[in-house]
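Heads up, the thing below is written out as structure tokens.
Just so it is clear, none of the values below were taken in a lab; they were calculated from the coordinates. Every value quoted in this text rests on a predicted model; they were computed, and no experiment measured them. No Cβ is skipped: glycine too gets one built from the backbone with ideal geometry, and neighbour counts run over all protein chains shown.
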């Protein structure tokens with residue numbers, strides 16, 4: 001019977017016994033467009049694939065996108081603000097993923113504004129979710145204003161997503177400074193292009209983390225399969241043949257406390273033509 | 001056309017290195033956010049403190065910020081013209097407060113000290129280097145409190161910095177940026193900071 005309870009991870013009701021609370025993790029970056037939503041979706045999918053009960057919360061009120069990346073846009077009936085305003089119950093608003101019954105989404109309101117939520121409400125909501133899920137991943141909006149504060153309010157841990165660009169690193173540095181004291185945020189370096197790094201034309205993992213100096217959770221290469229996956233609404237983390245999928249699964253394993261090899265990104269084999277291109281191609 | 005030839009004969013440094021350098025510079029100023037007038041008053045205070053122990057050439061003193069591999073450092077290069085012997089007998093008076101306070105928030109001294117027994121005069125060539133708080137070590141939990149004796153982290157003899165044969169004092173304050181320090185501060189350190197007199201406020205009676 002105990003086993004059976006584990007096989008039914010979908011939350012049954014609001015009243016939950018005093019089970020250990022799950023971890024609430026905010027995925028943030030400061031700068032927009034570095035891949036917070038894609039990271040949230042893929043890490044969430046990978047955690048759920050490991051058997052953990054996961055809820056993804058889109059805290060980007062007004063710019064809902066997490067549903068789209070997950071391919072769940074047609075299933076969203078209610079959103080975060082509906083729950084806060086008690087127009088819908090939490091159960092009604094939670095969208096179950098089509099691939100995994102361990103994975104749920106709480107979508108953001110699309111036609112509302114970030115200022116309509118306050119930190120106390122967010123905190124209470126995340127607390128409720130933690131009682132029912134092992135992981136509450138909060139997709140933080142870009143910026144450091146109200147939306148950021150709300151997204152951070154209920155979390156106990158942060159993952160900072162940063163691309164190897166000067167602007168992204170500067171913003172990530174700023175955001176780390178704005179996180180609560182005592183937090184030890186972990187870093188995911190996204191959109192790394194190993195070939196550029198090899199040629200000294202892009203900040204390397206060491207360059208970025210030499211500045212940010214955070215525990216490195218993962219490195220994700222800039223790779224076409226992510227774009228294709230997002231086009232289709234199918235997170236790449238489920239693709240067993242994709243190196244990026246593997247990288248996301250390694251991140252999930254590390255979050256779950258497993259020891260995984262240090263993140264690395266392979267330099268793709270280059271053909272004769274691209275080698276010739278780099279020989280004669282423009283510098284810098 | 002010139003670009004074309006330059007491409008072959010004068011290869012520019014890879015843009016990744018440029019990005020790294022630019023980033024370091026911009027973050028340095030983000031973290032320090034020291035206005036030029038603050039640097040000036042820092043310099044003034046520093047000279048005032050050091051001149052209580054040794055005679056210095058104020059006109060040729062130089063205070064700069066430098067970013068190294070993994071740290072930001074303040075470098076002060078101050079030529080010494082003589083030694084004040086009387087300092088050994090009577091302890092020096094405490095420095096005046098106000099100007100130090102102007103920078104206490106952004107540039108916090110964990111410890112500031114210059115060896116009182118500066119050997120600069122004896123050999124005529126040596127200088128004193130006080131190097132403080134390295135980057136990766138946790139920040140020492142002393143604040144720049146007036147009632148605590150400053151701790152000298154390390155002092156070593158070194159040759160004159162400018163090679164002119166003139167003795168100099170060079171003070172290096174190195175460490176992480178202020179933000180990181182603040183985050184590492186323990187509750188105990190916070191309490192200690194509250195008990196001591198903050199430098200940026202006038203001492204209360």
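Computed values, structure above
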quantity	calculated
Exposure proxy ranking, count of Cβ atoms within 10 Å, fewest first, for B:18, B:64	B:64, B:18
Efficiency of FRET between residue A:89 and residue B:64 - r from beta-carbon atoms, R0 45 angstrom, step 0.05	0.10
Distance (nanometres) between label positions extended 7 Å along Cα→Cβ at residue A:63 and residue A:195	3.0
Chain lengthening between residue A:181 and residue A:258 when straightened (0.36 nm per residue, less Cα-Cα)	25.1 nm
Cα-projected label distance for residue B:17 with residue A:118, points at 7 Å along beta-carbon direction, nm	5.5
Partner chain coverage, peptide A:210-221 - average Cβ within 10 angstrom	1
Estimated FRET transfer efficiency (residue A:225, residue A:128; beta-carbon r; R0 51 Å; 0.05)	0.90
Where only C-alpha atoms are counted, convex hull volume of chain A per residue in Å³	139
Neighbour-count order for A:170, A:132, B:22, fewest beta carbons within 10 angstrom listed first	B:22, A:170, A:132
Added length on full extension, which subtracts the Cα-Cα distance from 0.36 nm per residue, residue B:73 to residue B:44	8.7 nm
Shielding score for A:173-183, defined as the mean number of other chain Cβ atoms within 10 Å	3
Förster radius 25 Å - calculated FRET efficiency between residue A:101 and residue A:243 (Cβ-Cβ, nearest 0.05)	0.35
Ascending count of other beta-carbon atoms within 10 Å, so fewest first, for A:246, A:241, B:53, A:135	A:241, A:246, B:53, A:135
Two-site label geometry, residue A:110 and residue A:267: point separation in nm, points 7 Å out along Cα→Cβ	4.5
Among A:125, A:56, A:187, residue whose mean-square fluctuation peaks in a GNM of chain A (springs only between Cα atoms under 10 Å)	A:125
